[in-house]
Amino acid sequence: MKSSPLTILFLVLLFQENLFSATADRLLIENTCKGTPSYNLCLSVLLADPHSQNADLTGLAIIAVYAVKNNGYQTLQQIEALKKFHPELMAALTQCGEVYKGVVDVDVPLSINALNLGNPKFAEDGMADTAVESQACERSFQDHAQTSPMTNANKAMEDVANVARAIIRMLL
Amino acid sequence: MMASLSDVENSITTSTLPYSYAPLPNGEQPAGNDRPVHSSRKTALFLVSVFLAVASLVALFAGNGPVLPKNLNTSAVPSTAGMPEKVAPLSRGVEKGVSEKSFHPLLGADNSFPWSNNMLDWQRTAFHFQPKKNWMNDPNGPVFYNGWYHLFYQYHPDAPVWGKIVWGHAVSKDLINWRHLPIAMETDEWYDEQGVWTGSATILPNGELVVLYTGSTNESVQVQNLAYPADPSDPLLIKWVKYPGNPVLVPPPGIDNKDFRDPTTAWKTPEGKWRITIGSKINKTGISLVYDTEDFKTFELLDGLLHAVPGTGMWECVDFYPISKQGENGLDTSVDGPGVKHVVKASMDDDRNDYYAIGTYDAYKGKWTPDNPTLDVGIGLRYDYGIYYASKTFYDQNKQRRVLWSWIKETDTEASDIKKGWASLMGVPRTIVLDKKTQSNIIQWPVEEINLLRTNLTVFKNVVVESGSLVPLNLPSASQLDIVAEFEVDKKTVERLNGADIAYDCAKNGGAAQRGALGPFGFSVLAHEGLAEHTPVYFYVAKGVDGNLQTFFCADQSRSSNANDVDKSIYGSIVPVLKGEKLAMRILVDHSIVESFAQEGRTCITSRVYPTKAINNNAQLFLFNNATATKVTASVNVWQMNSAHV
């Protein structure tokens with residue numbers, strides 16, 4: 001194939017522009033994550049979603065809230081598995097199931113809704129509530145004088161929710 | 001914030017006691033020994049209560065069970081001949097033949113968590129405005145019109161969480177009993193498709209009523225819209241019309257599409273135009289834009305701002321109104337003149353609190369300046385030191401007063417709100433006047449109509465509460481109360497105490513369990529008999545190195561519930577106490593809301609409380625004194641509160 005110098009120049013310029021805008025979006029993501037309590041977690045959450053390349057701050061917040069939702073679904077599955085293998089923990093696990101259902105069915109839709117409708121403070125409330133719920137799940141084991149098998153999961157949820165909350169606060 | 005208020009405090013209090021004994025609050029008839037008002041049972045109750053005052057130790061605050069308090073400075077607790085030592089209060093209702101069983105926690109289930117229907121049902125209030133179900137937030141367009149008080153409010157009809165918001169509507173003759181009406185405005189236009197947000201009403205001189213409100217458009221841009229009653233002769237104003245030319249205002253250049261909301265009631269300018277203000281922000285500086293209009297349809301943006309304060313973030317729900325320097329009445333929003341100050345108030349999006357400042361308005365420039373820049377909007381005084389947001393006043397021409405409404409959110413989890421089917425209350429409406437004694441803050445007080453719900457008064461006069469003791473107050477019931485009390489600490493103790501650096505902070509100093517020489521003392525509301533759950537509302541007095549006293553007023557939710565998913569913060573602030581004033585407290589208890597007022601409304605705290613045990617027949621009221629060095633003398637009036645139509 002014959003390539004004229006003009007074509008090559010055009011392609012180089014096109015490639016460069018994509019590189020620049022990708023860098024600029026990466027800068028937004030990095031700066032946003034610096035304002036959250038868990039920089040690395042924030043980076044991994046945002047970069048895992050290809051939409052983050054073109055997202056504004058509201059878009060990044062929505063991505064973080066979706067990460068909370070995915071985390072919530074995974075934790076619910078974990079709870080079901082734990083119920084099968086640790087029936088002695090049924091009472092606390094049942095409570096945890098309820099609170100995580102709340103995260104997925106109530107907190108996440110509330111936050112997404114608030115971000116889309118343009119009133120981010122209610123989105124912050126949803127993520128703050130998620131952190132409270134994950135702590136409540138952890139404490140429910142103590143309330144039953146048992147050791148929690150979900151400490152890591154609950155902490156992970158709390159951390160992601162706090163990242164989402166921090167991003168949302170930047171919109172206030 | 002509290003440090004700056006101490007400037008006010010220090011300039012007025014002296015080294016002698018700032019308070020002294022005074023008679024019971026005006027208007028109340030004490031049911032003393034010589035005048036049994038209701039029955040001789042009152043006398044018996046009074047005597048029993050006094051004897052019980054010495055029976056128990058307050059260490060229950062600090063631990064899980066009765067534990068001796070440290071540093072009990074007083075002489076041996078005077079014994080009451082024959083009274084049992086354990087903390088069991090005299091059973092309520094025993095005289096009426098109610099069995100003891102009603103005072104033990106529900107047997108069978110561990111009733112602390114998760115939430116039972118019994119616990120959730122109890123949370124609904126008896127005399128606070130709330131829709132039958134689902135979510136409410138900001139009060140909107142409050143107004144007295146054609147003989148009715150109107151309240152509109154941000155309402156989500158579909159769920160007990162925030163969402164696509166419409167204007168709910170209710171009317172009342174007395175601000176206490178309400179008739180719920182159909183939704184006034186829905187999200188049925190492109191310019192309010194994402195929400196019919198907050199707005200205000202203005203009554204024009206010809207009697208017409210107009211409303212300006214924020215719409216969130218189909219593209220989430222915040223615009224201002226005009227609406228008016230479809231039928232002005234309908235006293236209930238059920239149907240509303242949106243001006244066909246809406247929106248009447250869009251975000252001006254330099255203002256973000258999402259930083260332009262909550263237009264105020266309009267007031268007259270010297271040129272005879274109407275003027276409104278709308279909160280916004282530029283970077284992190286909270287600002288208030290000013291617009292003039294002649295017809296509420298076309299507006300002119302003024303060059304400057306009404307006011308701005310750096311670092312305060314977005315100003316939501318701005319409110320602007322005159323208060324009289326000398327008079328006791330409220331003023332119409334258009335009033336101006338030498339006898340008048342102006343208040344600027346804003347809801348700070350960043351920290352979810354309502355702040356206000358008193359200052360001077362220049363009507364020609366459209367600018368306002370605070371009297372004390374260190375107490376400017378957003379960095380100084382708050383209407384309320386608890387849960388209180390998006391508040392809005394209106395001038396009630398019916399009774400010539402300025403009335404304040406506020407949104408009181410839930411502080412439990414969203415999941416609980418879904419389960420119980422509703423979320424949020426309005427605070428009890430309050431009148432606002434300038435504090436004539438301090439001249440540097442406002443006074444808020446529940447509207448007088450709330451007193452109509454009072455019934456069944458119980459009086460406890462001159463109850464001596466020894467250091468480290470707890471007094472159960474014998475009452476028929478304790479979930480719906482109006483408590484008015486005065487306290488006096490021991491003068492000699494205060495005089496001989498050494499002063500120290502005062503570094504008290506309600507939120508950080510451990511609540512009611514943390515003992516000081518002169519505090520805390522006050523009430524435990526919504527208290528379980530063993531204090532497994534209780535909510536102290538108290539004064540904490542501290543003597544400074546210079547001999548001056550500072551008084552703090554706090555509400556402590558840290559032990560309010562066994563549930564692990566409710567807010568357990570401690571709220572409060574310093575409260576100015578002037579020479580000659582007694583320490584005075586009023587508390588309205590209405591199930592899951594507690595509103596506390598110190599010094600006749602100088603400092604206010606609204607709390608949400610969600611007990612699992614201290615509900616229904618198991619809710620009680622205690623007096624306590626956890627100070628190490630002084631006894632406290634309390635005189636208390638407690639009314640049962642009837643329910644209203646809410």
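The values are calculated or read from the model by the stated rules, or taken from the named source; none is laboratory data. Remember, predicted model here, so these are calculated numbers, not experimental data. In this analysis, Cβ positions are derived from the backbone assuming ideal geometry, glycine residues included, and neighbour counts consider all displayed protein chains.
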Does residue B:324 fit the bill of being of a type in the set (Gly, Ala, Ser) and more than 14 Å from chain A (Cβ to nearest Cβ)? yes
Which residue is nearest to the other protein chains (Cβ to nearest Cβ), if the candidates are limited to the range B:340-390 and must be within 19 Å of residue B:601 (Cα to Cα) and among the aromatic types (Phe, Trp, Tyr)? B:389
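Here's the yes/no breakdown for (1) touching a strand residue (DSSP E or B) at 6+ places or on another chain (Cβ under 9 Å); (2) assigned by the TED database to the domain that holds residue B:583; (3) under 18 Å from residue B:510 (Cα atoms); (4) modelled with pLDDT of 95 or more:
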site	(1), (2), (3), (4)
B:521	yes, yes, yes, yes
B:528	yes, yes, no, yes
B:535	yes, yes, yes, yes
B:542	yes, yes, yes, yes
B:548	no, yes, no, no
B:554	yes, yes, yes, yes
B:557	yes, yes, yes, yes
B:562	no, yes, yes, no
B:567	yes, yes, yes, yes
With the structure loaded, tell me whether residue B:413 is out of contact with any helix residue (DSSP H, G or I) (no Cβ under 9 Å at 6 or more places or on another chain), β-branched (Val, Ile, Thr) and under 25 Å from residue A:172 (Cβ atoms) or whether it fails that test. no
Candidate set from the range B:283-306 (those that are without any contact (Cβ under 8 Å) to a residue 24 or more places away in the chain and assigned to a loop (DSSP other than H, G, I, E, B)); member that is farthest from residue B:204 (Cα to Cα): B:283
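Out of B:261, B:275, report the one residue that is under 29 Å from residue A:172 (Cβ atoms), among the charged types (D, E, K, R), surrounded by 23 or more Cβ atoms within 10 Å (Cβ to Cβ) and more than 14 Å from chain A (Cβ to nearest Cβ).
It is B:275.
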Number of positions in the range B:356-402 that are of a type in the set (Val, Ile, Thr) and either outside the structural domain of residue B:432 (by the TED database) or buried (at least 21 other Cβ atoms within 10 Å of the Cβ) (or both): 4
Condition broken by residue B:560, with the remaining ones in (1) of a type outside the set (A, V, I, L, M); (2) surrounded by 23 or more Cβ atoms within 10 Å (Cβ to Cβ); (3) not in a loop (DSSP other than H, G, I, E, B) satisfied: (3)
Got a sec? Which of B:350, B:336, B:362 is at negative phi, under 26 Å from the mean Cα position of the chain (by Cα) and at pLDDT 95 or above? B:350
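Return a yes/no flag: does the range B:403-421 have any residue that is assigned to a strand (DSSP E or B) and within 14 Å of chain A (Cβ to nearest Cβ).
So far as the range B:403-421 goes, yes, one or more of its residues are assigned to a strand (DSSP E or B) and within 14 Å of chain A (Cβ to nearest Cβ).
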In the range A:77-122, anything in contact (Cβ under 8 Å) with a residue 24 or more places away in the chain, buried (at least 16 other Cβ atoms within 10 Å of the Cβ) and hydrophobic (A, V, I, L, M, F, W, C) is listed as A:79, A:82, A:89, A:92, A:96, A:99, A:103, A:104, A:108, A:112, A:115
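Does residue B:419 fit the bill of being touching a Phe, Trp or Tyr at 6+ places or on another chain (Cβ under 7 Å), of a type in the set (D, E, K, R) and surrounded by fewer than 21 Cβ atoms within 10 Å (Cβ to Cβ)? Step through it out loud before you land on a result.
Working: touching a Phe, Trp or Tyr at 6+ places or on another chain (Cβ under 7 Å): yes; of a type in the set (D, E, K, R): yes; surrounded by fewer than 21 Cβ atoms within 10 Å (Cβ to Cβ): yes.
Taking the combined requirement at face value, the residue satisfies it.
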If I filter the range B:485-502 for residues that are more than 30 Å from residue B:322 (Cα to Cα), assigned to a strand (DSSP E or B) and acidic (Asp, Glu), do I get at least one hit? yes
Inside the range A:135-156, can you point out the residues that are more than 18 Å from residue A:83 (Cβ to Cβ), free of Cβ contacts under 8 Å to residues at least 40 places away in the same chain and either assigned to a helix (DSSP H, G or I) or more than 13 Å from chain B (Cβ to nearest Cβ) (or both)? A:135, A:139, A:142, A:155
Starting from residues that are within 14 Å of another protein chain (Cβ to nearest Cβ) and touching a Ser or Thr at 6+ places or on another chain (Cβ under 6 Å), keep the ones in the range B:278-288 and report whichever is farthest from residue B:335 (Cα to Cα). B:286
Of everything in the range B:191-205 that's more than 28 Å from the chain's Cα centre (by Cα) and away from chain A (no Cβ under 14 Å), which residue is nearest to residue B:259 (Cα to Cα)? B:204
Condition met for residue A:117 (at the interface with another protein chain (Cβ under 8 Å from one of its Cβ atoms) and either on the phi > 0 side of the Ramachandran plot or in contact with a helix residue (DSSP H, G or I) (Cβ under 9 Å, 6 or more places away or on another chain) (or both)): no
Just give me the residues in the range B:574-597 being assigned to a strand (DSSP E or B) and in contact with a helix residue (DSSP H, G or I) (Cβ under 6 Å, 6 or more places away or on another chain), in sequence order. B:574
Identify the single condition in (1) in contact (Cβ under 8 Å) with a residue 24 or more places away in the chain; (2) under 17 Å from residue B:151 (Cα atoms); (3) not in a loop (DSSP other than H, G, I, E, B) that residue B:238 does not satisfy, given that it satisfies every other one. (3)
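Would you confirm, using the coordinates I've provided, whether residue A:125 is among the acidic types (Asp, Glu), surrounded by 20 or more Cβ atoms within 10 Å (Cβ to Cβ) and facing chain B (nearest Cβ under 7 Å)? So that I can check it myself, show each step before the final result.
Values: among the acidic types (Asp, Glu): yes; surrounded by 20 or more Cβ atoms within 10 Å (Cβ to Cβ): yes; facing chain B (nearest Cβ under 7 Å): no.
Criteria not met by residue A:125.
Output the residue which, of all residues in the range B:620-644 that are under 25 Å from the mean Cα position of the chain (by Cα) and assigned to a loop (DSSP other than H, G, I, E, B), is surrounded by the fewest Cβ atoms within 10 Å (Cβ to Cβ).
Taking the candidates together, the pick is B:643.
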Just need a number here: residues in the range B:338-369 that are among the acidic types (Asp, Glu) and assigned to a strand (DSSP E or B). 2
Going by the structure shown, is residue B:393 hydroxyl-bearing (Ser, Thr, Tyr) and either part of a strand (DSSP E or B) or at pLDDT below 95 (or both)? yes
Is it the case, given these coordinates, that residue A:75 is more than 11 Å from chain B (Cβ to nearest Cβ) and of a type in the set (S, T, N, Q)? yes
Of all residues being surrounded by fewer than 18 Cβ atoms within 10 Å (Cβ to Cβ) and touching a strand residue (DSSP E or B) at 6+ places or on another chain (Cβ under 6 Å) in the range B:206-240, which is farthest from the other protein chains (Cβ to nearest Cβ)? Just the residue, please. B:235
Checking the structure you have, find out if any residue of the range B:425-444 is closer than 30 Å to residue A:125 by Cβ and within 14 Å of chain A (Cβ to nearest Cβ). no
Going through the range B:440-466 in order, the residues found to be part of a loop (DSSP other than H, G, I, E, B) and either at pLDDT below 95 or over 25 Å from residue B:320 (Cβ atoms) (or both) are B:466
